[in-house]
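Here the structure is laid out as structure tokens; the discussion comes afterwards.
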Amino acid sequence: MSFLDHLEAFRWHLVRSLCVVGILMIVVFNYLDQVIAEVVLAPFRPNFPVNAWLCMVNKDLCFEKIDVVFQATEPYEQFTRAFFLAFMGGLVVGSPYILWEVWRFVKPGLRSSEKSLARWAFWSVFILFNTGFVFGYFVITPFSVRFLSSFKLAPEVQNIWRIGDVISLITEISIAGGILFELPFVSYILSRLGILTPAFMRKYRRHAIVIILIVAGILTPPDPLSQILLGVPMWGLYEVSILISAYVQRKKLVKQR
């Protein structure tokens, strides 16, 4: 195929993906009340899974209501955020189809030996990102909400949050969790390129643990249990990345013999 033929094929893959996202946006928009109540505001409630579990483990972490008032301060804020939520919902729900369209576009240009590796890479990125996205929403978000809502410069200062900022906070944390969980895949790629080695990661393991503890301490309330619950998975990802890097290095040594 010529360059223009490739461009035409890409255009139709893109058009079909956008059509699916657009249809799903309409569906999400029709259920916007449920999305706001069950997704956006859910981490602020005591019956949210992580909040309820923390309450069972430690009664001091129980709460009846998070002391935050939500408001919209701009005429178009609620409408624009509704559109943003519909778009994000359509993108998240439609991501498997989008990935399939990307695979259909890339697949014809791959050799037989490359297809299995590319298929593995696609699914690895997809599964790791979605796992991290879910982790960010269900674990990091409630910890962040609890900490930010309880931190006050003075008792007289009231927490009044723009609903747009709340939606942005939850979205950014969830996406950051997805990116964070890509660490094993990034480790695999960098190790394949010879940029990263298991020896380097083991050498700086202590530095990595300190950084993980700092991040966990910032994102969670001043409670050791909360910090451990967030820090352990992050540490686990780092250790898995070391194992992956070591595996790639062993494979290289076998090929060189």
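Roll a 1.4 Å probe over the protein heavy atoms and report the accessible area of L169 in Å², nearest 10.
Counting only protein heavy atoms, L169 exposes about 50 Å² to solvent.
Modelled label-to-label distance, Q78 and I179, 7 Å Cα→beta-carbon offset: nm?
3.2 nm
Can you list the lysines whose alpha carbon is less than 20 Å from that of K251, not counting same-chain residues fewer than 8 positions off?
K115
Run down the lysines and flag those whose C-alpha is under 19 Å from the C-alpha of K65, throwing out any fewer than 8 positions away in its chain.
Candidates past the 8-residue exclusion: K152.
Under 8 Å for C-alpha pairs, at least 6 residues apart: give me the relative contact order for the stretch 32-158, rounded to a whole percent.
36 percent
Sticking with the crude label model, points 7 Å out along Cα→Cβ, report the distance from Y31 to W120 in nm, one decimal please.
With each label placed 7 Å out from Cα toward Cβ, I get 3.6 nm.
Based on the mean of other beta carbon atoms within 10 Å per residue, what is the order of 48-54, 106-112, 151-157, most packed first?
48-54, 106-112, 151-157
Under Stokes-Einstein, with the Kirkwood radius over Cα pairs standing in for Rh, what whole-number D in µm²/s applies to the chain at 20 °C and 1.002 mPa s?
101 µm²/s
Can you sort H13, H6, H207 by solvent-accessible area, 1.4 Å probe, largest first?
Descending order: H207, H6, H13.
Taking the solvent-accessible surface of protein heavy atoms with a 1.4 Å probe, what is the per residue accessible area of the stretch 38-130 in Å²?
I get 65 Å² per residue for the stretch 38-130.
Would you mind telling me which residue in I175, I195, I211 has the biggest mean-square fluctuation in a Gaussian network model of the chain, where springs connect alpha carbons within a distance under 10 angstrom?
Comparing I175, I195, I211 in the GNM, the peak value goes to I195.
With a 1.4 Å probe and all protein chains left in place, how much of the accessible area of the chain comes from carbon and sulfur atoms, in whole percent?
Carbon and sulfur together cover 69 percent of it.
I need the P(r) histogram for the stretch 57-121: all alpha carbon pairs, bin width 5 Å from 0 out to the longest distance, whole percents.
Taking all Cα pairs of the stretch 57-121, the binned fractions are 3, 12, 11, 10, 9, 10, 10, 10, 9, 8, 6, 3 percent.
Would you kindly enumerate the cysteines in the chain that have no other Cys beta-carbon under 4.7 Å from their beta-carbon?
By the Cβ distance rule, which asks for a partner under 4.7 Å, the isolated cysteines are C19.
Would you calculate a helix-derived [θ] at 222 nm for the chain, using -39,500 (n - 2.57) for each DSSP H run of n ≥ 4 and dividing by the full residue count, to the nearest 500?
Using -39500 (n - 2.57) per qualifying helix, the result is -24500 deg cm²/dmol.
Cα to Cα, under 20 Å, and not fewer than 8 places away if on the same chain: which aspartates and glutamates meet these conditions relative to K107?
Within the straight-line cut-off, K107 pairs with D5, E8.
What is the spin-label model distance, in nm, from L148 to R202 if the labels are put 7 Å beyond Cα along the C-beta direction?
My value for the distance between the label points is 4.0 nm.
In debye, nearest 20, what is the charge dipole magnitude of the chain about its Cα centre with +1 on Lys and Arg Cβ and -1 on Asp and Glu Cβ, if you could check?
1720 debye
The values are calculated or read from the model by the stated rules, or taken from the named source; none is laboratory data. This structure is a prediction, so every number in the text was calculated from the model and none was measured. Note that we place each Cβ from the backbone using ideal geometry, even for glycine, and neighbour counts take in every protein chain shown. Heads up: the accessible areas ignore ligands, DNA and RNA and are worked out on the full protein's heavy atoms, side chains in. Shrake-Rupley method; radii C 1.70, N 1.55, O 1.52, S 1.80 Å.
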